[in-house]
Amino acid sequence: MQDTLKIALIQSDLVWEHPKENRLHFSEKIDTITETVDFILLPEMFTSGFTMTPENVFETMEGETVQWMKKLSKEKNAAIGGSLVIKEGGNFYNRFVFVTPNGTIDTYDKSHTFTLAGESDVYKAGCEKVIINYKGWKLCPLICYDLRFPVWARNVEHYDVLMYVANWPTPRVDAWDTLLKARAIENMSYCIGVNRVGSDANNLEYSGHSAAYDGLGKQLTSLENNKEGIEIVTLEKKHVSKIRTMLKFLDDKDVFTVK
């Protein structure tokens with residue numbers, strides 16, 4: 001088990017529906033990371049932007065982007081995670097893909113598809129919460145709109161890190177800031193959110209506000225809003241164990257089952 005986990009948050013603009021250009025863009029950004037990190041976190045739909053025409057950009061789990069992630073993860077000796085459009089069994093998914101240097105892959109399909117944008121009409125919603133075990137840490141990956149639903153994020157698995165990748169637009173970014181902090185506090189875990197910047201083909205603006213919070217809601221990062229950037233944050237296992245031992249708030253949680 002590793003006592004610390006060093007994560008690189010990459011806040012970036014995205015090229016609309018152009019996976020190859022986005023892969024090249026992220027390759028260049030990742031190459032600028034000279035510090036040793038355990039994990040590199042990319043935004044939601046990092047190969048395309050938040051598109052409702054998945055037929056234009058979809059890939060399979062054997063496709064170019066997953067192969068790119070595997071190759072880069074091995075070269076950098078760091079896990080890489082982010083969501084992209086995957087087609088499987090005749091359905092499109094907004095899927096978080098987590099690749100480790102040894103080639104193992106974990107996936108999570110977005111559970112709460114964004115009805116306001118019609119995501120629920122073209123993407124199949126996932127129905128399984130996923131906990132990733134990596135270097136002795138339990139990571140819970142969720143995607144954008146999932147952030148509005150605290151029951152789904154409820155920490156019954158004793159995870160250490162809750163992480164959201166997003167294309168969360170500027171007009172509602174105050175909600176993003178508030179809910180990320182709330183998810184950290186109520187689950188007594190680190191909470192990380194990586195959001196894009198720039199604008200998309202639907203004239204939606206994104207201002208970033210990517211951040212990491214500790215289990216008491218203290219912000220650990222200072223990425224500049226409205227600009228591309230990379231920030232590395234070091235998480236400490238003793239922080240999680242200390243606050244849960246001292247405060248024991250999770251022991252008093254309501255008992256119910258999510259169906």
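The values are calculated or read from the model by the stated rules, or taken from the named source; none is laboratory data. Given the structure is predicted, the values throughout are model-derived calculations rather than measurements. Neighbour counts run over all protein chains shown; Cβ positions are idealised from the backbone, glycine included.
Taking the condition of a type outside the set (A, V, I, L, M) and either at pLDDT below 95 or on the phi > 0 side of the Ramachandran plot (or both), does G126 pass? Break it down stepwise before answering.
Values: of a type outside the set (A, V, I, L, M): yes; either at pLDDT below 95 or on the phi > 0 side of the Ramachandran plot (or both): no.
It is false that G126 is of a type outside the set (A, V, I, L, M) and either at pLDDT below 95 or on the phi > 0 side of the Ramachandran plot (or both).
Where in the range 201-259 are there strands (runs of 3 or more DSSP E), lying fully within it, with 3 or more residues that are within 20 Å of E35 (Cβ to Cβ) and touching a strand residue (DSSP E or B) at 6+ places or on another chain (Cβ under 6 Å)?
Details: elements: 205-207, 211-213, 229-236.
Strands (runs of 3 or more DSSP E) meeting the threshold: 229-236.
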Within the range 220-259, residues surrounded by 14 or more Cβ atoms within 10 Å (Cβ to Cβ) and either at pLDDT below 95 or touching a Phe, Trp or Tyr at 6+ places or on another chain (Cβ under 6 Å) (or both) come out as L235
Just give me the residues in the range 8-62 being among the hydrophobic types (A, V, I, L, M, F, W, C), farther than 19 Å from A78 by Cα and buried (at least 24 other Cβ atoms within 10 Å of the Cβ), in sequence order. L14, M45, F50
Looking only at the range 157-193, how many residues end up being charged (D, E, K, R) and touching a Gly at 6+ places or on another chain (Cβ under 6 Å)? 1
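Going residue by residue through the range 11-26, is there one that turns out to be within 26 Å of D160 (Cβ to Cβ) and in contact (Cβ under 8 Å) with a residue 24 or more places away in the chain?
Yes, the range 11-26 contains a residue that is within 26 Å of D160 (Cβ to Cβ) and in contact (Cβ under 8 Å) with a residue 24 or more places away in the chain.
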List the number of the failed condition for Q67; all other conditions in (1) closer than 16 Å to I105 by Cβ; (2) within 15 Å of the chain's Cα centre (by Cα) hold. (2)
Within the range 178-200, take every residue that is β-branched (V, I, T) and outside any strand (DSSP E or B) and give me the one that is farthest from T234 (Cα to Cα). T178
Somewhere in the range 97-106, is a residue loosely packed, with under 14 Cβ neighbours inside 10 Å, assigned to a strand (DSSP E or B) and free of Cβ contacts under 8 Å to residues at least 40 places away in the same chain? no
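Is it fair to say E119 is under 18 Å from L162 (Cβ atoms) and either among the acidic types (D, E) or modelled with pLDDT under 95 (or both)? Lay out the reasoning, then the answer.
Working: under 18 Å from L162 (Cβ atoms): no; either among the acidic types (D, E) or modelled with pLDDT under 95 (or both): yes.
Judged against the criteria, E119 is not a match.
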Among the candidates E186, E228, residue that is among the charged types (D, E, K, R), in contact (Cβ under 8 Å) with a residue 24 or more places away in the chain, under 30 Å from S48 (Cα atoms) and touching a helix residue (DSSP H, G or I) at 6+ places or on another chain (Cβ under 8 Å): E228
